[in-house]
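Contents: one structure, followed by commentary.
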Amino acid sequence: MDGNYSFRKNLSAFFIEIGELTGFAGRFFQELFSRPFEFREFLRQSYNMGNKSLLLVGVTGFILGLVFTLQSRPTLMEFGAVSWMPSMISISIVREIGPVMIALILAGRIGSGIGAELGSMKVTEQIDAMEVSGTNPFKFLVVTRILATTLMIPILVILGDFIALLGSALVENLKGNVSFTLYFNQVFNTLEFSDLFPATVKTFFFGFAIGLVGCFKGYNSKKGTAGVGKASNSAVVFTSMLLFIIDFIAVFITDIFYP
């Protein structure tokens, strides 16, 4: 009986949080098109998120390309299909593995950072001080960060995909004596608009989800240092789950229009 009650309580809390997150997103779109536009803060956030994530994305993409190629090569060799390696790797990385893996890494790097930053500002009453001084904290803190993640995540994913393909080409060059020119010729001959467009579009939704959840958790953080830690942690968990849901919806829609 207690287990049943606990389950219903947790389920109710989950749906309440979904409703609050939806309201938070609605307020974002409302504030987005109203003046003043915090363009300088938006540029600062974009620079910080992109610049500080370059190394992480580069290392992640390179290792992803290396490992995926090393793991796939023996299987393809058994079937005498090793010449298909560039085609298979490029489609797999660009369409699915690259965007999802890099978005998950950035959810941990950027999402948790936003949650912790806004959570600490909430705890130290800096947000309240901004309201008293006449500044709109939601527009300055939330709108700029969500816009920055929505713009920067696709750029970082494209960079990560390219570095992953570079890592894969390196393995093929060392293991199969395939030149970089031949490898990338096969890659570009294989990839089509139906591979690139849906994969790029969904990264904008990934970026929006990372910024939205991070800001939501931090902006509504409970008082105390424990609240900051909880906001940071729950931002990563909630965002990761949301990324998989968005990815499923994107793949489902893509399958309808590009069967």
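The values are calculated or read from the model by the stated rules, or taken from the named source; none is laboratory data. Every value quoted in this text rests on a predicted model; they were computed, and no experiment measured them. Cβ sites come from the backbone with ideal geometry, for glycine too, and all protein chains shown count toward neighbours. For the accessible areas, the whole protein counts, side chains as well, though only heavy atoms, and no ligand, DNA or RNA atoms are used. Shrake-Rupley method; radii C 1.70, N 1.55, O 1.52, S 1.80 Å.
So, THR69, is that one part of a helix (DSSP H, G or I) and touching a Ser or Thr at 6+ places or on another chain (Cβ under 6 Å) or not?
Yes; evaluated as a whole, the condition is true for this residue.
Restricting the search to segment 158-170, which residues are within 13 Å of ILE93 (Cβ to Cβ) and open to solvent by 30 Å² or more (accessible area, probe 1.4 Å)?
ILE158, LEU159, PHE162, ILE163, LEU166
Could you say which residue among THR144, THR200, THR190 is among the hydroxyl-bearing types (Ser, Thr, Tyr), assigned by TED's automatic domain parsing to the domain that holds GLN71, crowded, with 20+ Cβ neighbours inside 10 Å and touching a helix residue (DSSP H, G or I) at 6+ places or on another chain (Cβ under 7 Å)?
That would be THR144, the only listed residue that is among the hydroxyl-bearing types (Ser, Thr, Tyr), assigned by TED's automatic domain parsing to the domain that holds GLN71, crowded, with 20+ Cβ neighbours inside 10 Å and touching a helix residue (DSSP H, G or I) at 6+ places or on another chain (Cβ under 7 Å).
Can you tell which of ASN173, ASN185, ASN233, ASN177 is within 20 Å of the chain's Cα centre (by Cα) and surrounded by fewer than 17 Cβ atoms within 10 Å (Cβ to Cβ)?
Selected residue: ASN233, the only one of ASN173, ASN185, ASN233, ASN177 that is within 20 Å of the chain's Cα centre (by Cα) and surrounded by fewer than 17 Cβ atoms within 10 Å (Cβ to Cβ).
Please tell me if ILE245 is modelled with pLDDT of 90 or more, more than 15 Å from ILE153 (Cα to Cα) and of a type in the set (A, V, I, L, M).
yes
Tell me the residue from VAL171, VAL157, VAL178 that is among the aliphatic types (A, V, I, L, M), in the same structural domain as ILE93 (by TED's automatic domain parsing) and assigned to a loop (DSSP other than H, G, I, E, B), please.
The unique qualifying residue is VAL178.
What is the number of the single condition among (1) of a type in the set (Gly, Ala, Ser); (2) more than 30 Å from MET77 (Cβ to Cβ); (3) assigned to a helix (DSSP H, G or I) that GLY134 does not meet?
(3)
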